[in-house]
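Okay, so here's the structure we're looking at.
Computed from the coordinates by the stated procedures, all read-outs in this text should not be read as laboratory data. This structure is a prediction, so every number in the text was calculated from the model and none was measured. Backbone-built Cβ (ideal geometry, glycine too); neighbour counts: all protein chains shown.
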Amino acid sequence: ASPQSVALLGATGSIGRSTLDVIAASEGRYVCHLLTAHQKLDELAAAARQFVPRYIVATDPTAAAARDWSDLPEETELRIGPDAIAELVSHADVDIVVAAIVGRAGLEGTWAALEAGKRVALANKETLVLAGGLAMRLAAERNAQILPVDSEHSAIFQALQAGQQSEVARIILTASGGPFRHHSQAQLEQVTTAEALNHPTWKMGPKITVDSATMMNKALEVIEARWLFDMPADKIDVVVHPQSVVHSLVEYVDGSVMAQLSPPDMKLPIQYAMSFPERFPGPARRLDFTVASSWEFEPPDLDRFPALRLGKEAAERGGTTGAVLNAANEAAVQSFLDGEISFTDISRACRAALDSHDFDPTPTIDQLLALDAWARREVSAWITCC
Ligand code: NDP
Ligand code: MG
């Protein structure tokens, strides 16, 4: 078969680099059509020399202007600025778009890929949190496929192959619990940025690492699952599983529970999102059952990790809540990383933004983007006053 052509948005990130590892190990199954990066432009150029894509996009114009690009391969064309992404992912010769830009900045590229009817290997969960209902409708209208890269959702997607949608009783997302699983409330108040950036099982970008520590990541994943699998919020549970081996579970009406297991290594869900319905022996790590191991499961503590309540609430209410929660969280995480607010203030700021917004059950995308900007201003105001 001829190789599949991949547009990789966010090639210099944690998911981006793992995607390049999968492509490099794919024995010609995949080739790069487009690679994008924001500020790590030396890494982008190095990836261009290794993978020789048709295009690269440097989304931050200031960083792009500061660089001498004479080290690019002849076959690769450089474009500058975020608007180039939407045009280039729509090209007829793009087969798969890997959406691995972090946060709301990933929305436009993901949206353009859905509009163009592509297969989207979706790591950028924030797009589904912000506008999941509209994104799923757009995908259906344009015959675009959304394949989850998020490991929990990949696990659920795989476990769902064992039955019919009508036979699913509930889905159970596993959570590592993050670095502060055993912290008291008083300890949580004192957490430093360095401690929050030190995740026990996964090596990820800074934003999602802080989200894992607050368990906001699981909150966002509940909302992501609600849209991806068209599952009501009351059928989505969370269980803490510190080893991050069981990536999630699906319980069927007869009581049978299906799980997907593998070491914590994003290369596997990235590869599966690209290769589904096929599988091939890729570069992901393997479980070793010849050594003794034990796996634990425990219920999450909603009092110490109130972000989970916010996620459940937003998954239940839908409408504008996801956009507000997502934007408030992005702003609050940045403020925490900048040393402006405490760790526990992140959830407090999100709660304040959610409670003060004008709820609308059926917003348009323009309304959601306006609310995204509003929620960021709301968090700044909250930080100044409190
Ligand atoms: P990283 O921070 O490691 O990488 C983010 C990528 O996005 C980089 O390539 C970065 O470019 C680019 N980027 C950042 N800001 C912008 C912007 N304003 N415009 C365009 N591009 C931008 O993040 P991760 O790889 O950890 O996460 C990416 C996505 O995948 C997130 O949505 C996350 O929730 C999701 N995800 C990640 C997992 C993981 O294991 N890391 C697991 C599950 C989901 P540059 O570095 O060049 O500045
Ligand atoms: Mg996940």
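Details
- The relative contact order of segment 134-275, computed from alpha carbon pairs under 8 Å that lie at least 6 residues apart in sequence, is 39 percent.
- Taking every alpha-carbon pair under 8 Å whose residues sit at least 6 apart, the chain reaches a relative contact order of 15 percent.
- The fewest-to-most ranking of D303, D60 by surrounding Cβ atoms within 10 Å reads D303, D60.
- Least to most buried among E224, E316 (fewest other Cβ within 10 Å first): E316, E224
- Size of electric dipole in the chain: Cβ of Lys, Arg +1 and of Asp, Glu -1, about Cα centre, debye, nearest 20: 380
- Cα gyration tensor shape for the chain, rounded if a/c is under 1.5, else prolate or oblate: rounded
- Listed by Cβ neighbour count within 10 Å, with the fewest neighbours leading, F229, F157 appear as F229, F157.
- Spatially close lysines, pair count over the chain: Cα under 16 Å, gap of eight or more or interchain: 8
- Inter-label distance, V291 to A169: 3.5 nm, where each label sits 7 Å from its Cα along the C-beta direction.
- Cα gyration tensor, segment 208-252 - rounded (a/c under 1.5), prolate or oblate: oblate
- Spacing of the modelled spin labels on A65 and R377, each 7 Å from Cα toward Cβ, amounts to 2.7 nm.
- Additional length obtainable on full extension of the chain from R142 to V253, 0.36 nm per residue less Cα span: 36.7 nm
- Furthest towards positive pole of dipole, C32, L337, C385, structure part the chain, Cβ charges: C32
- Database remark: amide H of S176 closer than 5 angstrom to the amide H of H241 (H placed geometrically; neighbours at sequence offset of 5 or more, or on other chains; Pro and chain starts carry no H).
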